[in-house]
Amino acid sequence: MNRKILFLLSNMVLSWISLLFIGKKGISKYGIASLLLTIMMQAQFAVATKNHWLWFYKTRFLEGSIPFHIGPYLASCLWMLKLTFGKVKSFLLVNSVVNFVLAYPGVWLFQKLRIAELGKMKRSQYFTFMMINGLLLYFIQYVLERIKCSKRLRNVKW
């Protein structure tokens, strides 16, 4: 097994192991928003690959973006929501730091391991792209919480 596959699979497995510490309640509360954004990210990356903005290299066994999205990206969405949902400033700070690390040293590492490369997209644009998706994650979770709250209010016997 080469370095790339080992790196992708170990990232995916370690991310899933970290979810054991979130608990069932956290996963059920924040899982829908995280999963929705992960699916949207996969679609966005497909469009970005088609337009040569960025691309993931393929291996014999899997495409590079799939283990990234269902592993570290999904887990980081769950962790960010669990730790910071309801505290917008904290969410923005954590999201900024994570996206900065992903956009600058992360992209360099992905290029070195031949996992992904930025094509026409610059690192600053990738950072902005990831920040917008982070805000979208928070918005989706906020809407889901409002829907749950309104359903609870409708079921209350006055």
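Consider LYS112 against the criteria (1) surrounded by 13 or more Cβ atoms within 10 Å (Cβ to Cβ); (2) more than 28 Å from LYS24 (Cα to Cα); (3) modelled with pLDDT under 90; (4) not aliphatic (A, V, I, L, M): it satisfies all of them except one. Which criterion is unmet?
(1)
For segment 78-100, give me the residue count where each residue is basic (Lys, Arg), under 18 Å from VAL143 (Cβ atoms) and free of Cβ contacts under 8 Å to residues at least 12 places away in the same chain.
Here the count works out to 1.
Restricting to segment 78-97, and then to whatever is part of a helix (DSSP H, G or I) and among the basic types (Lys, Arg), can you tell me which residue is nearest to GLN42 (Cα to Cα)?
Among residues in segment 78-97 that are part of a helix (DSSP H, G or I) and among the basic types (Lys, Arg), the one nearest to GLN42 (Cα to Cα) is LYS82.
Take the residues in segment 107-147 that are part of a helix (DSSP H, G or I) and charged (D, E, K, R), then tell me which one is nearest to ILE5 (Cα to Cα).
Filtering segment 107-147 down to residues part of a helix (DSSP H, G or I) leaves 107-112, 123-147.
Filter once more, keeping what is charged (D, E, K, R): 112, 123, 145-146.
Values: LYS112: 13, ARG123: 24, GLU145: 38, ARG146: 41 Å.
Restricting to residues being part of a helix (DSSP H, G or I) and charged (D, E, K, R), the top hit is LYS112.
Could you list all residues from segment 39-73 that are surrounded by 15 or more Cβ atoms within 10 Å (Cβ to Cβ), under 17 Å from GLN125 (Cα atoms) and touching a Lys or Arg at 6+ places or on another chain (Cβ under 7 Å)?
If the condition is that a residue be surrounded by 15 or more Cβ atoms within 10 Å (Cβ to Cβ), under 17 Å from GLN125 (Cα atoms) and touching a Lys or Arg at 6+ places or on another chain (Cβ under 7 Å), then TRP53 is the only one that fits.
When you go through SER28, SER34, SER18 one by one, which is the residue that is closer than 15 Å to LEU78 by Cα, under 13 Å from the mean Cα position of the chain (by Cα) and of a type in the set (Ser, Thr, Tyr)?
Values: SER28 fails: under 13 Å from the mean Cα position of the chain (by Cα); SER18 fails: under 13 Å from the mean Cα position of the chain (by Cα).
Checking each option against the conditions leaves just SER34.
May I ask you to verify whether LEU19 is of a type in the set (A, V, I, L, M, F, W, C), in contact (Cβ under 8 Å) with a residue 24 or more places away in the chain and not in a loop (DSSP other than H, G, I, E, B)?
yes
From the list ALA103, ALA75, which one is under 17 Å from GLN44 (Cβ atoms) and aliphatic (A, V, I, L, M)? Break it down stepwise before answering.
On the way: ALA75 fails: under 17 Å from GLN44 (Cβ atoms).
Criteria check complete, one pass: ALA103.
The values are calculated or read from the model by the stated rules, or taken from the named source; none is laboratory data. What you are looking at is a predicted structure, and each value in this text was computed from that prediction instead of being measured. Neighbour counts are summed over all protein chains in view; Cβ atoms, including those assigned to glycine, are modelled from backbone coordinates with ideal geometry.
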